[in-house]
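The values are calculated or read from the model by the stated rules, or taken from the named source; none is laboratory data. What you see is a predicted model, and the numbers here were worked out from it, not measured in a lab. Neighbour counts run over all protein chains shown; Cβ positions are idealised from the backbone, glycine included. Only protein heavy atoms, including side chains, enter the accessible area calculation; ligands, DNA and RNA are left aside. Shrake-Rupley method; radii C 1.70, N 1.55, O 1.52, S 1.80 Å.
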Amino acid sequence: MEKFTTLTGIAAPMPLVNIDTDMIIPKQFLKTIKRSGLGKNLFDEMRFTQDGKEIPDFVLNQPAWRKAEIIVAGDNFGCGSSREHAPWALLDFGIRCVISTSFADIFYNNCFKNGILPIVMPEKVVKVLMEDARKGANARMTVDLEAQTVTTSDGQSFAFDVDPFRKHCLLNGLDDIGLTLEKVSAIDTFETGAAQSRPWV
């Protein structure tokens, strides 16, 4: 998993509330178990018409936000079914951080396990960040995980909370497999001892 330390990038404003996982990645794209290739279908029904043409009004289709790495969203982002494909699609598109007033629990947990930082902020702060995001490609927002701050393009800085263990995992690029591999010497010692004391197993 790629480390998350400091991210300075374009933020896309998505003020809709209750953006669910089926909106993020519709059910017809869930057949794959690969983490790559889903970015082209991110927000598919919002980005494209039924015949595959771009919908110009959708924020990620507009030139200013095509290369967004941050989303500033409305309340209850990631609600709906518990599909891990949702953070896979976001990450494959290039989104590394989502900021909202609240997230669905399963989606929130899945983000950390896939290298995306979900940040919960008070409504008044999200409104400030949303306005900053509306400035487009010339306004870069900075997310500093170590300092736990989000800084707007004009220098306003806001602190956020994050669980220390999840912060450690993101800073060091540790998913569940990476965490297990940190204990590989202890696992090897245990397995060697077990084989010697119980050779019949």
Could you please give the count of residues in region 93-114 that are out of contact with any helix residue (DSSP H, G or I) (no Cβ under 6 Å at 6 or more places or on another chain), over 15 Å from ALA12 (Cα atoms) and assigned to a loop (DSSP other than H, G, I, E, B)? 2
If you check every pair at least six apart or on different chains, which have Cβ atoms under 7 Å apart with a residue in region 117-138 that is without any contact (Cβ under 8 Å) to a residue 24 or more places away in the chain and under 26 Å from LEU170 (Cβ atoms) first and a residue that is in a strand (DSSP E or B) and of a type in the set (Gly, Ala, Ser) second? none
Identify the residue in region 120-148 that is closer than 12 Å to VAL72 by Cα, in contact with a strand residue (DSSP E or B) (Cβ under 7 Å, 6 or more places away or on another chain) and of a type in the set (D, E, K, R) and, among all such residues, is surrounded by the fewest Cβ atoms within 10 Å (Cβ to Cβ). ARG134
Identify all residues within region 175-201 that are modelled with pLDDT under 75, open to solvent by less than 90 Å² (accessible area, probe 1.4 Å) and among the charged types (D, E, K, R); write none if there are none. ASP176, ASP188
Starting from region 81-96, take each residue that is of a type in the set (Val, Ile, Thr) and list its partners that are open to solvent by 30 Å² or more (accessible area, probe 1.4 Å), counting only C-beta distances under 7 angstrom and pairs at least six apart or across chains. ILE95/GLU69
Flagged in region 71-82 as part of a loop (DSSP other than H, G, I, E, B) and under 14 Å from ILE116 (Cβ atoms), in numbering order, are GLY78
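Restricting attention to region 43-69, and to residues there that are charged (D, E, K, R) and touching a residue at least 60 places away in the same chain (Cβ under 8 Å), which single residue is most open to solvent (accessible area, probe 1.4 Å)?
First, the residues of region 43-69 that are charged (D, E, K, R): 44-45, 47, 51, 53-54, 57, 66-67, 69.
This time we only want the ones that are touching a residue at least 60 places away in the same chain (Cβ under 8 Å), so: 67, 69.
Details: LYS67: 166, GLU69: 57 Å².
Here the residue is LYS67.
Out of the residues in region 116-137 that are at pLDDT 95 or above and part of a loop (DSSP other than H, G, I, E, B), state the one that is farthest from GLN62 (Cα to Cα).
Of the residues in region 116-137, the ones at pLDDT 95 or above are 116-135.
Pick out the ones that are also part of a loop (DSSP other than H, G, I, E, B) and you get 116, 121-122, 134-135.
Values: ILE116: 23, MET121: 26, PRO122: 27, ARG134: 12, LYS135: 12 Å.
Checking each candidate, the answer is PRO122.
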Out of the residues in region 149-174 that are open to solvent by less than 40 Å² (accessible area, probe 1.4 Å) and touching a Phe, Trp or Tyr at 6+ places or on another chain (Cβ under 6 Å), which is farthest from GLU69 (Cα to Cα)? LEU170
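Scan region 70-91 residue by residue and report those that are open to solvent by 40 Å² or more (accessible area, probe 1.4 Å) and farther than 21 Å from ALA133 by Cα. So that I can check it myself, show each step before the final result.
Step one: of region 70-91, the residues open to solvent by 40 Å² or more (accessible area, probe 1.4 Å) are 75-76, 80-82, 84, 91.
Answer for region 70-91, where residues must be open to solvent by 40 Å² or more (accessible area, probe 1.4 Å) and farther than 21 Å from ALA133 by Cα: GLY80, SER81, SER82, GLU84.
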